[in-house]
Amino acid sequence: MAKTEPGPHNFVFGNYAPARESKDHFKIKKSYDLFIGGKWVKASKKFETINPATGEVIAKVGEAGKKEVGQAVKAARKAFEGEWGQLSGAERGKYLFRIARLIQERSRELAVVESMDGGKPIRESRDVDIPLVAAHFFYHAGWADKLDYAFPGVKPKPLGVVGQVIPWNFPLLMAAWKIAPALACGNTVVLKPAETTPLTVLKLAEIFEDAGLPPGTVNIVTGAGETGQALIEHPDVDKIAFTGSTAVGKAIRRAIAGTDKKFTLELGGKAANIVFEDAPINEAVEGILNGIFFNQGHVCCAGSRLFVQESIADKVIKKLKKRMETLIVGDPLDKNTDIGAINSAEQLERIKVLVKAGEREGACIWQPEGRLPRKGNWFKPTLFTECAQSHRIVQEEIFGPVLAIQTFRTPQEALEKANNTPYGLSGGVWTDKGSKIFKMTTGLKAGVVWANTFNKFDPTSPFGGYKESGIGREGGVHGLAAYLNF
Ligand code: NAP
Ligand code: MG
């Protein structure tokens with residue numbers, strides 16, 4: 001494989017001419033305030049948001065304390081009891097359609113900012129994240145005046161003020177998953193983005209302004225975990241919608257115990273991707289790669305445990321390694337890039353600790369050759385063979401580009417191994433037999449199971465987990481129900 005020195009574009013594995021997306025068609029302000037009651041409100045403190053590919057500071061962002069969170073909840077309550085709460089479903093739908101179109105108009109800007117702030121490859125932010133963001137607003141715009149048809153005979157009502165806390169792996173997409181259904185159902189929102197990726201959500205607030213959304217309908221409070229905690233603990237919040245780690249999900253359940261707050265929790269995962277000997281091997285190899293290396297593996301439903309039928313294991317692993325040698329790791333803004341930067345130094349450290357544990361516990365590590373850029377946070381696409389069910393890399397969520405491979409002989413053995421996890425978010429099955437697909441999809445204890453594909457998302461399709469992967473569903477009619485009283 002070609003080895004190149006790190007060039008001016010951090011372009012490392014592979015030997016292609018750079019094809020960099022430009023940054024000169026939009027502005028990022030030096031400093032952002034909080035978006036409360038339709039106004040930009042100064043926070044008493046600020047923090048920096050960093051580009052994980054370069055280590056450079058992109059902008060300063062307000063840090064909302066208890067006081068500002070309180071102001072935001074008050075503004076949301078006022079909007080719920082006032083202008084937004086009085087609107088008909090059809091009028092709410094018009095706002096959502098307008099927001100969806102404005103997202104499409106600014107999609108190039110949003111994609112570049114998403115890649116700068118979070119490190120994901122521009123190909124993914126441009127072709128997956130932002131189109132799905134618009135799709136979520138379009139889809140829910142269509143429901144806003146049809147809730148009586150979605151739930152016939154029950155006259156559903158909005159819940160009130162919704163507090164939403166989201167992670168850093170799909171910053172704008174998670175905001176869309178949360179805000180669009182809440183508004184379609186007539187609620188108002190206070191949302192806290194993750195500390196490392198606040199920028200696209202702040203740009204979304206600009207879009208809300210441009211759309212003329214009534215003040216207070218959506219409020220954005222940036223900050224770290226304490227800001228999220230203040231929002232969750234606020235007594236005037238009617239529902240909590242959280243996406244993040246299982247540890248924080250458990251803390252939230254403890255914090256709201258004894259209150260009548262409603263909640264949905266979308267937590268971690270450790271998906272099994274199961275490949276049978278009758279699967280189309282080349283397609284399966286692409287599906288395995290997409291399953292674990294999409295978004296640097298920072299994906300709750302990532303196919304991080306691969307189970308290959310023993311008879312084809314050597315062949316599949318050989319093909320996987322060959323294909324991994326062609327993956328391009330480097331500058332997220334380069335259109336050639338397959339794997340971008342790890343979202344934060346903290347996350348990189350977490351990945352390294354677990355990979356070391358994998359080696360220490362006896363699994364066999366393999367990584368392609370090639371050098372990583374000197375500046376920024378990077379990790380090579382990695383696979384482990386000789387894994388045991390008890391290994392930490394098999395049991396714990398790594399949330400990075402690291403695949404743990406095991407083999408199996410019978411469908412029953414695959415099911416038993418696949419379900420031997422505290423998580424239950426997603427899974428994948430590769431085979432040419434419909435009957436095997438049905439056996440596996442009904443046997444896997446996971447909220448979403450893909451057959452002969454992986455990591456496919458659609459706003460019409462409910463998403464969510466079993467066991468420690470969470471409670472409740474987002475997307476589709478199930479997702480609407482979570483924002484309504486019956
Ligand atoms: P995290 O630490 O749980 O953070 C998620 C969000 O909660 C962030 O906005 C975080 O703020 C905030 N937060 C932290 N402590 C809090 C507290 N005590 N009270 C309220 N909010 C608090 O998770 P992460 O490490 O950022 O994200 C990765 C995790 O999310 C993974 O486990 C992944 O599987 C999961 N995830 C799940 C889904 C799904 O749909 N099931 C989707 C994406 C990600 P700061 O960022 O500022 O600390
Ligand atoms: Mg950042």
- Query: Looking only at segment 80-90, which residues are within 16 Å of A144 (Cβ to Cβ) and either touching a Pro at 6+ places or on another chain (Cβ under 9 Å) or assigned to a helix (DSSP H, G or I) (or both)?
  - Reply: F80, E83, W84, G85, Q86, L87, G89, A90
- Message: Looking for something away from ligand 2 (no atom under 16 Å from the Cβ) and not in a loop (DSSP other than H, G, I, E, B) - is there at least one such residue anywhere in segment 325-334?
- Response: yes
- Query: Only one residue in L102, L110 is away from ligand 1 (no atom under 16 Å from the Cβ), in contact with a Lys or Arg (Cβ under 7 Å, 6 or more places away or on another chain) and in the same structural domain as P181 (by TED's automatic domain parsing), so which one is that?
  - Reply: L110
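Each row is one residue, and each column tells you yes or no for (1) under 24 Å from T196 (Cβ atoms); (2) more than 12 Å from ligand 1 (Cβ to nearest atom).
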position	(1), (2)
K261	no, yes
I274	no, yes
P280	no, yes
A284	no, yes
L289	no, yes
F293	yes, yes
C301	yes, no
E310	no, yes
D331	yes, yes
- Note on the structure: Over segment 77-117, the set of residues hydroxyl-bearing (S, T, Y) and free of Cβ contacts under 8 Å to residues at least 60 places away in the same chain is S88, S107
- Unique residue being surrounded by fewer than 21 Cβ atoms within 10 Å (Cβ to Cβ), within 26 Å of A182 (Cα to Cα), in the same structural domain as A144 (by TED's automatic domain parsing) and within 16 Å of ligand 1 (Cβ to nearest atom) when the list is K45, K66: K66
- Query: When you go through (1) buried (at least 19 other Cβ atoms within 10 Å of the Cβ); (2) not in a helix (DSSP H, G or I) one by one for G479, which number turns out not to apply?
  - Reply: (2)
- Please state which one of A279, A241 is outside any helix (DSSP H, G or I) and under 30 Å from K439 (Cβ atoms). A279
- Task: Kindly indicate the residue of segment 450-461 that is touching a helix residue (DSSP H, G or I) at 6+ places or on another chain (Cβ under 6 Å) and surrounded by 19 or more Cβ atoms within 10 Å (Cβ to Cβ) and also farthest from G291 (Cα to Cα) among those meeting that condition.
- Result: P459
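For every residue, the table says whether it meets (1) over 22 Å from Q347 (Cβ atoms); (2) surrounded by 24 or more Cβ atoms within 10 Å (Cβ to Cβ); (3) within 16 Å of ligand 2 (Cβ to nearest atom).
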position	(1), (2), (3)
N51	no, no, yes
E56	no, no, yes
K60	no, no, yes
A72	yes, yes, no
G85	yes, no, no
K94	yes, no, no
L102	yes, no, no
- Query: Can you name every residue in segment 147-160 that is within 21 Å of V189 (Cα to Cα) and either within 16 Å of ligand 1 (Cβ to nearest atom) or of a type in the set (D, E, K, R) (or both)?
  - Reply: K157
- Message: Being within 16 Å of ligand 1 (Cβ to nearest atom) and either within 30 Å of K23 (Cβ to Cβ) or in a helix (DSSP H, G or I) (or both): is that true of N377 here?
- Response: yes
- From A194, A182, A241, A247, residue being within 9 Å of ligand 1 (Cβ to nearest atom), in contact with a strand residue (DSSP E or B) (Cβ under 9 Å, 6 or more places away or on another chain) and modelled with pLDDT of 95 or more: A194
- Note: among G447, G434, just one is more than 16 Å from ligand 2 (Cβ to nearest atom), of a type outside the set (S, T, Y), farther than 30 Å from H136 by Cβ and not assigned by TED's automatic domain parsing to the domain that holds A134, namely G434
- Task: At least 1 residues that are in contact with a strand residue (DSSP E or B) (Cβ under 9 Å, 6 or more places away or on another chain) in each: list the helices (runs of 4 or more DSSP H) lying fully within segment 101-166 that qualify.
- Result: 107-118, 147-150
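The values are calculated or read from the model by the stated rules, or taken from the named source; none is laboratory data. Small disclaimer: the values here were computed from a predicted structure and weren't measured. When we count neighbours, we look across all protein chains shown, and the Cβ atoms used for this are built from the backbone with ideal geometry, even at glycine.
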